[in-house]
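Engineer: Got a structure here, written out as structure tokens. Questions coming.
The values are calculated or read from the model by the stated rules, or taken from the named source; none is laboratory data. None of the values given here were measured: they were computed from a predicted structure. Cβ placement follows ideal geometry from the backbone for every residue including glycine, while neighbour counts extend to all protein chains displayed.
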Amino acid sequence: MSKTPLLEVKDLVAAVDGKTILNGISLTVYPGEVHAIMGPNGSGKSTLSNVLAGREDYEVVSGSVTFKGNNLFELEPEERAREGIFLAFQYPVEIPGVSNMQFLKASVDAVRKHRGLEELDAPTFMKLAREHCKELKLKPEFLKRGVNEGFSGGEKKRNEILQMALLEPSLALLDETDSGLDIDALQVAAEGVNALRNEERGLIVVTHYQRLLNYIVPDYVHVLADGKIVKSGGRELALELEEKGYSWIQ
Amino acid sequence: MMTPNELKQQAQQRLQQQTSLEWLSLPAKAQATFAELDMPTRKTEAWKYTPLTALLNNTYLEQTAEGAVDESAAADRVGQLGDVSRLVFVNGRLHPNLSSYSDLENQGVITLFSNANDAQRELINAELGTAFEPQQHVFAALNYGSIDEGVLIQAPTDFKVQQPIQLVYLSTSEGQSALAQSRVLVYGAAGSSLELIEQYDSLGDTNVFHNHMTEISLQANARLTHMRLQMEHESLSHVNGLHVKLADGSHYEQHALAFGSALKRNDINVNFNGSNAYCRLNGVFLSKHKQHIDNHLNLEHGVPHCNSDTVYKGFITDSSRAVFNGRIHIHKHAQKTEAHLNNKNLLLSKQAELDTKPELEIYADDVKCSHGASIGKLDDKSLFYFQSRGIDRATAEAMLCLGFVNEMVEQFPNEAVIDLARQRLAEFFNDVDKLNHLWTLE
Ligand SMILES: Nc1ncnc2c1ncn2[C@@H]1O[C@H](COP(=O)(O)OP(=O)(O)O)[C@@H](O)[C@H]1O
Ligand SMILES: [Mg+2]
């Protein structure tokens, strides 16, 4: 394992509308590691994910985040994405009128350009997108529809995984990718994620339930409560939580 | 600048021309009506937000525009819809070389007023000017008071037209400002079905005032799919009336795209005269620069068991101005009506102005209705979604705008029309500063 961290979060405090939501979070992710962040509803899991991705609504009050050794807060959201941060949203927005294919192509073009790679021509891109769709058990028509427009909960989540597969991020944050998925869809999504696991990539899996962690096995588990990491451990911590419930750590 | 009264006097001269269609009863009636009416001013409720400045500052009404045109340029403009029966009017006059509709002409489906036989004359006299009384609208009175030609589209009982009918109104004028007028009467006999595409277009700067009327009468269980593209140069002025009468079980569906211009006004009036009729009005209007566009929609639910769905979207930017007035009127006997109307707008500039007014007047007690309007800017959450995928803010904005408009355009029930609309939308967006990335994306 490499010695430079991919992501280093130190004493992060963040607020919305003057209300503090993250109360001093520290977390270090090295390349190749999978971290699970678990916690009850309202504990700040999505807030952490969104702050890392650069959502403006959240004000960073104090603390620091470095990504690949650089100050993350100096980057615009799109620059973070191009540098390799990917957030799979808990609630992906619907964008009617913009086709999924158009959206994916614009996204992949922007990211590839930044990484010094050539733009993929349309047929090559379509072929690639279709292959990924197949792996995620999404019909090809899915690419022609408006972004997330009228997608089922499961389709929206798989669409996030599809985007991740195409963008090949170095750090992926999955925000409750398992919620709303039945067991088959969960397995398909988990396989998609596992296919991307490698020595360089970091992964942060945010989840309420430990179920997903049967399929995406984490190296570390952190428990978030009231905007703080209250407990960290190995994957056995997730099982313990499952058994004892969140009241156990509060 | 003329006064409204001087404008009216100018218009009056256009009415005094002798009509060659001496069998037509409407012009005399409309002329009398016209004499009674005043040109609208700011005090006229229905014209409150739409001043006639463009007409008062020009001498459009001094002469009628000529029908000459650069044929090859015109052919490019009109010839993109594949297999259609096509009539091209240049400044309101039929241009035979650019038109091709002999099949439907031979079948008696498409007939110029000047070629109408006795039965057709009778039909025109019975129908024209009945979906909408010209006394309600001074420009309708002007149009019907000076008819020298028109088109009758008549689908016989149970007749299903295979190919769409494309009507192109091409405005062109390099020199003096001039008036172009046109009108079409669509009569769908019982059980018939038609697809109609109206393309309003222009070649270059267009010093024309186009005054147009489309009247539609659908008999029992007749269907009409009606697509309307108003994509003229912004220098033109255009006042347009679309008036629809629906009998039992008939089905009318309109999909419209309209760009703003110096003056653009669309009046749509739908009358439900028979039960179980259905009407859908889908539209998207766009204005930029100093353009103006006004949409006045009125749905008269006069009988029970009819449904209507109206969705209009507006895209307004720069220093342009747009108006939406959509009214659902449910009469006392129109029980079991289900009528919905919505107008959703994207207002992108502080200098731009939008006046929207959805109206619901209900006199029946057993109906399901809704109406609403919204004015917004681009959604932050959506913009963040794009950015989180590496797409820069400007491109994200452009793509969201495209999506907003495209959501209506992709509902046009004809692929070739969608392609044409998208091509012209790309040109429209090309010179909006903020959106100049947009056209490279398709
Ligand atoms: N945009 C926002 N505006 C106001 N409060 C917010 C906003 N986002 C999150 N919160 C609040 O912050 C807390 C943490 O929310 P969130 O991060 O979504 O939790 P989790 O993802 O763990 O369920 C909650 O109390 C929530 O109500
Ligand atoms: Mg959450």
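Engineer: Which numbered condition in (1) surrounded by 23 or more Cβ atoms within 10 Å (Cβ to Cβ); (2) more than 27 Å from B:R424 (Cα to Cα); (3) not hydrophobic (A, V, I, L, M, F, W, C) is the only one that B:Y169 fails?
Structural biologist: (2)
Engineer: I'm checking my understanding of the structure. Among residues of region B:295-340 that are hydrophobic (A, V, I, L, M, F, W, C) and out of contact with any Phe, Trp or Tyr (no Cβ under 8 Å at 6 or more places or on another chain), which one is nearest to B:C279 (Cα to Cα)?
Structural biologist: Per the criteria, the residue is B:A339.
Engineer: Could I ask something else about it? Would you check which residues across region B:371-399 are at the interface with chain A (Cβ under 7 Å from one of its Cβ atoms) and more than 18 Å from A:G54 (Cβ to Cβ) and list them?
Structural biologist: B:M399
Engineer: Now a separate question. Within 11 Å of chain B (Cβ to nearest Cβ), of a type in the set (A, V, I, L, M) and either within 16 Å of ligand 2 (Cβ to nearest atom) or farther than 30 Å from A:F67 by Cα (or both) - does that describe any residue in region A:134-152?
Structural biologist: The answer is no; no qualifying residue exists.
Engineer: What are the residues in region B:108-140 that are surrounded by fewer than 20 Cβ atoms within 10 Å (Cβ to Cβ), over 20 Å from B:L297 (Cα atoms) and in contact (Cβ under 8 Å) with a residue 24 or more places away in the chain, if any? Break it down stepwise before answering.
Structural biologist: To start, the set of residues in region B:108-140 that are surrounded by fewer than 20 Cβ atoms within 10 Å (Cβ to Cβ) comprises B:108, B:112, B:114-115, B:117-123, B:125-127, B:130, B:133, B:135-136.
Among the residues that remain, those that are also over 20 Å from B:L297 (Cα atoms) are: B:108, B:112, B:114-115, B:117-123, B:125-127.
B:G108, B:L112, B:S114, B:Q120, B:R121, B:L123, B:N125, B:E127, listed by residue number.
Engineer: Same structure again: Hey, among A:P31, A:P77, which residue is at pLDDT 95 or above and within 8 Å of chain B (Cβ to nearest Cβ)? Can you show your working first?
Structural biologist: Numbers: A:P31 fails: within 8 Å of chain B (Cβ to nearest Cβ).
Exactly one residue qualifies, and that residue is A:P77.
Engineer: Among all residue pairs at least 6 apart or on different chains, which show Cβ distances below 8 Å where the first residue, located in region A:5-26, is within 14 Å of chain B (Cβ to nearest Cβ) and the second is of a type outside the set (S, T, N, Q) and within 15 Å of ligand 1 (Cβ to nearest atom)?
Structural biologist: Qualifying pairs under 8 Å: A:V16/A:D57; A:V16/A:Y58; A:V16/A:E59.
Engineer: Related question: Hey, does region A:64-73 have a residue that's surrounded by 16 or more Cβ atoms within 10 Å (Cβ to Cβ), within 12 Å of ligand 1 (Cβ to nearest atom) and not hydrophobic (A, V, I, L, M, F, W, C)?
Structural biologist: So far as region A:64-73 goes, no, none of its residues is surrounded by 16 or more Cβ atoms within 10 Å (Cβ to Cβ), within 12 Å of ligand 1 (Cβ to nearest atom) and not hydrophobic (A, V, I, L, M, F, W, C).
Engineer: Follow-up. Quickly run through region A:32-56 and pick out the residues that are more than 6 Å from ligand 1 (Cβ to nearest atom), closer than 21 Å to B:S388 by Cα and not in a strand (DSSP E or B).
Structural biologist: Correct list: A:L48, A:S49, A:N50, A:V51, A:L52, A:A53, A:G54, A:R55, A:E56.
Engineer: Still on this structure, please answer the following. Look through region B:147-169, keep the residues that are among the aliphatic types (A, V, I, L, M) and farther than 12 Å from B:I110 by Cβ, and return whichever of them is modelled with the lowest pLDDT. Steps first, please.
Structural biologist: Initial filter on region B:147-169 (among the aliphatic types (A, V, I, L, M)): B:147, B:151-153, B:155, B:161, B:165, B:167-168.
Next cut, farther than 12 Å from B:I110 by Cβ only: B:147, B:168.
On the way: B:I147: 94, B:V168: 98.
Restricting to residues being among the aliphatic types (A, V, I, L, M) and farther than 12 Å from B:I110 by Cβ, the top hit is B:I147.
Engineer: Within the set of pairs 6 or more residues apart or between chains, which connect a residue that is among the aromatic types (F, W, Y) inside region B:413-442 to a residue that is at pLDDT below 65 and not in a loop (DSSP other than H, G, I, E, B) with Cβ atoms less than 6 Å apart?
Structural biologist: B:F429/B:L435; B:F429/B:L438; B:F429/B:W439
Engineer: Can you tell me which residue among A:L174, A:L162, A:L203, A:L166 is within 30 Å of B:S382 (Cα to Cα), within 16 Å of ligand 2 (Cβ to nearest atom) and not in a loop (DSSP other than H, G, I, E, B)?
Structural biologist: On the way: A:L162 fails: within 16 Å of ligand 2 (Cβ to nearest atom); A:L203 fails: within 16 Å of ligand 2 (Cβ to nearest atom); A:L166 fails: within 16 Å of ligand 2 (Cβ to nearest atom).
Answer to the selection: A:L174.
Engineer: Let me ask something else about it. Answer yes or no: is there a residue in region A:64-72 that is assigned to a loop (DSSP other than H, G, I, E, B), over 18 Å from A:R145 (Cβ atoms) and either within 11 Å of chain B (Cβ to nearest Cβ) or touching a residue at least 40 places away in the same chain (Cβ under 8 Å) (or both).
Structural biologist: Yes; the residues of region A:64-72 include at least one that is assigned to a loop (DSSP other than H, G, I, E, B), over 18 Å from A:R145 (Cβ atoms) and either within 11 Å of chain B (Cβ to nearest Cβ) or touching a residue at least 40 places away in the same chain (Cβ under 8 Å) (or both).
Engineer: Let me ask another. Within the group A:A36, A:A53, which residue is in contact (Cβ under 8 Å) with a residue 24 or more places away in the chain and farther than 19 Å from A:A110 by Cα?
Structural biologist: Working: A:A53 fails: farther than 19 Å from A:A110 by Cα.
From the options A:A36, A:A53, the qualifying one is A:A36.
Engineer: Run down A:Q163, A:Q250, A:Q187 and say which single residue is touching a strand residue (DSSP E or B) at 6+ places or on another chain (Cβ under 8 Å), over 30 Å from A:K3 (Cβ atoms) and at pLDDT below 95.
Structural biologist: Only one candidate passes the filter, namely A:Q250.
Engineer: Working carefully through the options B:S308, B:S349, find the one that is at pLDDT below 95 and among the polar types (S, T, N, Q).
Structural biologist: Details: B:S308 fails: at pLDDT below 95.
Just a single option satisfies the conditions, and that option is B:S349.
Engineer: Hey, another quick one. Being within 20 Å of the chain's Cα centre (by Cα), within 13 Å of chain B (Cβ to nearest Cβ) and without any contact (Cβ under 8 Å) to a residue 12 or more places away in the chain narrows it down to one of A:A88, A:A106, so name that one.
Structural biologist: None of the others qualify; the one that does is A:A106.
Engineer: Here's another thing I want to ask about it. Quick one: which of B:E232, B:E253 is under 25 Å from B:E410 (Cβ atoms), surrounded by fewer than 20 Cβ atoms within 10 Å (Cβ to Cβ) and assigned by TED's automatic domain parsing to the domain that holds B:Q80?
Structural biologist: The conditions single out B:E253.
Engineer: Mind telling me which of the residues A:T20, A:T28 ends up being over 17 Å from the mean Cα position of the chain (by Cα), away from ligand 2 (no atom under 16 Å from the Cβ) and β-branched (V, I, T)?
Structural biologist: A:T20
Engineer: Sticking with this one: Which numbered condition in (1) modelled with pLDDT under 95; (2) surrounded by 15 or more Cβ atoms within 10 Å (Cβ to Cβ) is the only one that A:D17 fails?
Structural biologist: Against the list (1) modelled with pLDDT under 95; (2) surrounded by 15 or more Cβ atoms within 10 Å (Cβ to Cβ), A:D17 comes up short only on (2).
Listed here are the residues, each with its yes/no results for (1) closer than 28 Å to B:Q423 by Cα; (2) within 22 Å of the chain's Cα centre (by Cα); (3) buried (at least 16 other Cβ atoms within 10 Å of the Cβ).
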position	(1), (2), (3)
B:S382	yes, no, yes
B:S388	no, no, yes
B:V405	yes, yes, yes
B:P413	yes, yes, no
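Engineer: Also: Look at B:A334 and say whether it is more than 24 Å from A:V98 (Cβ to Cβ), surrounded by fewer than 23 Cβ atoms within 10 Å (Cβ to Cβ), more than 14 Å from chain A (Cβ to nearest Cβ) and aliphatic (A, V, I, L, M).
Structural biologist: When the stated conditions are applied, B:A334 does not pass them.
Engineer: Looking at region B:54-61, can you tell me whether even one residue there is part of a loop (DSSP other than H, G, I, E, B) and either under 22 Å from the mean Cα position of the chain (by Cα) or charged (D, E, K, R) (or both)?
Structural biologist: No, region B:54-61 contains no residue that is part of a loop (DSSP other than H, G, I, E, B) and either under 22 Å from the mean Cα position of the chain (by Cα) or charged (D, E, K, R) (or both).
Engineer: Counting only residues that are among the aliphatic types (A, V, I, L, M) and not in a strand (DSSP E or B), which one in region A:206-234 is surrounded by the fewest Cβ atoms within 10 Å (Cβ to Cβ)? Let's see the steps before the verdict.
Structural biologist: Start the filter on region A:206-234 by keeping residues that are among the aliphatic types (A, V, I, L, M), which leaves A:206, A:212-213, A:216-217, A:221, A:223-225, A:229-230.
In the following step, the residues that additionally are not in a strand (DSSP E or B) were identified as A:212-213, A:216-217.
Details: A:L212: 25, A:L213: 22, A:I216: 22, A:V217: 14.
For region A:206-234, the residue satisfying everything is A:V217.
Engineer: Name every residue in region B:62-74 that is surrounded by fewer than 15 Cβ atoms within 10 Å (Cβ to Cβ) and either at pLDDT below 90 or not in a loop (DSSP other than H, G, I, E, B) (or both), in order of residue number.
Structural biologist: B:E62, B:Q63, B:A68, B:E71, B:S72, B:A73
Engineer: Restricting attention to region A:114-130, report how many residues are more than 20 Å from A:E160 (Cβ to Cβ), in contact (Cβ under 8 Å) with a residue 24 or more places away in the chain and either more than 8 Å from chain B (Cβ to nearest Cβ) or assigned to a strand (DSSP E or B) (or both).
Structural biologist: 1
Engineer: Kindly indicate whether any position in region B:271-282 is touching a residue at least 60 places away in the same chain (Cβ under 8 Å) and in a loop (DSSP other than H, G, I, E, B).
Structural biologist: Applying the first criterion (touching a residue at least 60 places away in the same chain (Cβ under 8 Å)) to region B:271-282 yields B:271-272, B:282.
This time we only want the ones that are in a loop (DSSP other than H, G, I, E, B), so: none.
No - not one qualifying residue is present in region B:271-282.
Engineer: Also: So, in region B:348-375, of the ones that are within 25 Å of the chain's Cα centre (by Cα) and of a type in the set (G, A, S), which residue ends up farthest from A:F86 (Cα to Cα)?
Structural biologist: So, considering only residues that are within 25 Å of the chain's Cα centre (by Cα) and of a type in the set (G, A, S), the one farthest from A:F86 (Cα to Cα) is B:S370.
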